[in-house]
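Novice: Quick one: the structure is below, and I'll ask about it shortly.
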Amino acid sequence: MDLFWLFGTFLITLALGVPVAVCLGLSSLAYIVAAGLPLVVIPQRMYAGIDVFVLLCIPGFILAGNLMNGGGITERIIRFANAMVGWMRGGLGMTNVAGSMLFGGISGTAVADAASLGSVLIPGMKKSGYPADFSAAITAASSTVGPMIPPSVPMIIVGALSGISVGQMFLAGAVPGILLGVGMMVTCYIISVRRNFPRQEWKGLRELGLSFFGAFWALAMTALIVGGLMTGIATPTETAIVAAIYAFVVGAFVYRELPIRRVPKILIDSAVSSAGILALVGFANVFGSILSAERIPQMIVTAVLSVTDNKYLIIILINLLLLFVGMFMETIAALIILFVPLLTLATAVGIDPLHFATFAVLNLMLGLTTPPVGVCLFVCANIARLPLLPVVKAIMPFLLANIIVLLLVAFIPPLATWLPTTLMAR
């Protein structure tokens, strides 16, 4: 009966459109009151959930991304991406994807990618003759690359939950992130040829070189982050702080497009974003601890293994579950609630934890582009000034391409494990 209050309150509040963090908090409160437990359990479990050293890198990477974005990074990345692929059929769409791949190595969050690049590229694509629904769809779809290419906030959360090195998680997402980008660029090209979308003139090697050097300091930030983690010179938290300092220096003194007077607002915005994520982590930890106390993870593992212990069937079942959950739940909340029980199930049938963590994060990233809780869909539809339905229809080919990449990563473990095991010792 106590679990009825937990799940009933959660589903009702979620259906009413209450923010996921509040849903988790209210449902946990309902369970604790129904079970007659002391209310002090809530702050205790919340604090235990956020009292994890590696989570300190979340504010650092968010601040670094906001500083770089405020310092002129978006326009430089778009110029470089456009010089590389803009001359192909559907070039601005290809630029959109390439820009997301480059920008993802700085922001680490899909919503920041969709908002920053979308505010520039969606109006630009519409002005150049691309349909508004296509422009919004490819921007939303390509934004899912951001959290796969390091740095990545979901990868940090997974590292904190599982004990897997955050550096290994970052590297594990790199190859799948590149595959996502390539798959969407191929899809964009096919659609562009069929619908005769415009193309730009080749601007020459000089423009390619100038745009590269213009974006060099921004792109070097990814090398700084990955290099620090690979060499062991810095922990993820230390790397995040160094990245934030680097972003400030580049924006204020190299690009000279970050006025000092804007820094306090960027600090406040970064603090608010970080607080929202950490509050979600705290409430989700309370919810997760209740599930653990009720032995829900063990019940799930036992139930699934009683049906099949075939590794490949279980991979399919896990992916179907995560795709469904990702349609209705925010990514970080879904990870915190489901990751540990599903990891237990995965390891029970011989799936490598690093491999599982990678395709689980990739799977939930697709939820950012699926209704009804696809945040990136809403952001891009709003920028394009369109209702949601046309954008949902237009994104289907890109979603199909991303699902194909997901299946490749899920069933070919080296796509996730080769890079981290080659460059870093576990």
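The values are calculated or read from the model by the stated rules, or taken from the named source; none is laboratory data. As the structure is a prediction and not an experimental result, all values here were calculated from the model. Quick reminder, even Gly has a Cβ in these numbers, built from the backbone with ideal geometry, and neighbours come from all protein chains shown. Only protein heavy atoms, including side chains, enter the accessible area calculation; ligands, DNA and RNA are left aside. Shrake-Rupley method; radii C 1.70, N 1.55, O 1.52, S 1.80 Å.
Novice: In nm, give the distance between the simple-model label positions of residue 202 and residue 128, each being 7 Å from the Cα along the Cα-to-Cβ direction.
Specialist: 1.7 nm
Novice: Here's another thing I want to ask about it. So how far, in whole Å, is the C-alpha centre of the range 343-408 from the one of the range 114-133?
Specialist: Answer, in whole Å: 21.
Novice: Ok, one more. Among 178, 12, 77, whose mean-square fluctuation peaks in a Gaussian network model of the chain (Cα, cutoff 10 Å)?
Specialist: Of 178, 12, 77, the most mobile in the Gaussian network model is 12.
Novice: Could you give the nm distance between label points at residue 305 and residue 253, where each point is 7 Å from its Cα heading toward the beta carbon?
Specialist: 5.7 nm
Novice: Under the classification rounded if a/c is under 1.5, otherwise prolate if a/b is larger than b/c and oblate if not, where does the range 260-359 fall, given a ≥ b ≥ c as square roots of the Cα gyration tensor eigenvalues?
Specialist: Details: a/c = 3.15, a/b = 2.19, b/c = 1.44.
Note, shape of the range 260-359 comes out prolate.
Novice: Label 7 Å along Cα→Cβ of residue 216; the range 237-264 residues with amide nitrogen under 15 Å?
Specialist: Taking a point 7 Å out along Cα→Cβ of residue 216, the residues of the range 237-264 whose backbone N falls under 15 Å are 250, 254-255.
Novice: Once both labels are modelled 7 Å past Cα along the beta-carbon direction, what's the residue 230-residue 53 spacing in nm?
Specialist: According to this spin-label approximation, the distance is 2.4 nm.
Novice: Classify the range 145-260 from the C-alpha gyration tensor, please: rounded if a/c falls under 1.5, else prolate or oblate depending on whether a/b exceeds b/c. Walk me through the numbers before you get to the answer.
Specialist: Working: a/c = 2.70, a/b = 1.31, b/c = 2.06.
Oblate, since a/c reaches 1.5 and b/c is not below a/b.
Novice: Another question about this same structure. When Lys and Arg each count +1 and Asp and Glu each count -1, what net charge do the other residues less than 15 Å away from residue 258, Cβ to Cβ, add up to? Could you put the intermediate results ahead of the total?
Specialist: Values: positive: 76, 256, 261, 262, 265; negative: 75, 257, 269.
Taking every other residue near residue 258 into account, the sum is +2.
Novice: Right, another one. On alpha carbon coordinates alone, what is the Rg over Rh value for the chain, Rh being the Kirkwood radius?
Specialist: Values: Rg = 21.4 Å, Rh = 22.0 Å.
Rg/Rh for the chain comes to 0.97.
Novice: What list of ³J(HN,Hα) couplings, whole Hz, do you get for the range 151-167 from phi and the Karplus terms 6.51, -1.76, 1.60, once you set θ to phi - 60° and write x for glycine and proline?
Specialist: 3J(HN,Hα) across the range 151-167, in whole Hz: x, 8, 5, x, 5, 5, 4, 4, x, 5, 6, 9, x, 6, 4, 4, x.
Novice: Using θ = phi - 60° and the Karplus relation 6.51 cos²θ - 1.76 cosθ + 1.60, list the HN-Hα couplings for the range 78-90 in order, rounded to whole Hz, with x at every Gly or Pro.
Specialist: Per residue, the Karplus-derived 3J(HN,Hα) values read 4, 4, 5, 4, 5, 5, 6, 10, x, 7, 7, 4, x Hz.
Novice: Between residue 269 and residue 22, what is 0.36 nm times their sequence separation minus the Cα-Cα distance? Round to one decimal in nm. Present the calculation step by step, with values, prior to reporting the outcome.
Specialist: On the way: separation 247, 0.36 × 247 = 88.92 nm, distance 2.04 nm.
Full-extension gain reported as 86.9 nm.
Novice: Report the full-extension gain for the segment residue 327 to residue 313: residue separation times 0.36 nm, less the Cα-Cα distance, to one decimal in nm. Spell out each step's value before the answer.
Specialist: Values: separation 14, 0.36 × 14 = 5.04 nm, distance 2.16 nm.
Roughly 2.9 nm would be gained on extension.
Novice: Toward the positive end of the charge dipole of the chain, about the Cα centre and with charges on Cβ (Lys, Arg +1; Asp, Glu -1), which of 327, 38, 158 goes farthest?
Specialist: After comparing all options, I get 327.
Novice: Under the rule of -39500 (n - 2.57) per DSSP H run of 4 or more residues, summed and divided by the residues of the chain, what mean residue ellipticity at 222 nm is obtained, to the nearest 500 deg cm²/dmol?
Specialist: Details: 20 runs with 330 residues, N = 426.
When only DSSP H runs of four or more count, the value is -26000 deg cm²/dmol.
Novice: Could you please state how large a percent of the accessible area of the range 249-309 is carbon and sulfur, counting protein chains only and using a 1.4 Å probe?
Specialist: Values: 2200 of 3410 Å².
For the range 249-309, the apolar C and S fraction of the accessible surface comes to 65 percent.
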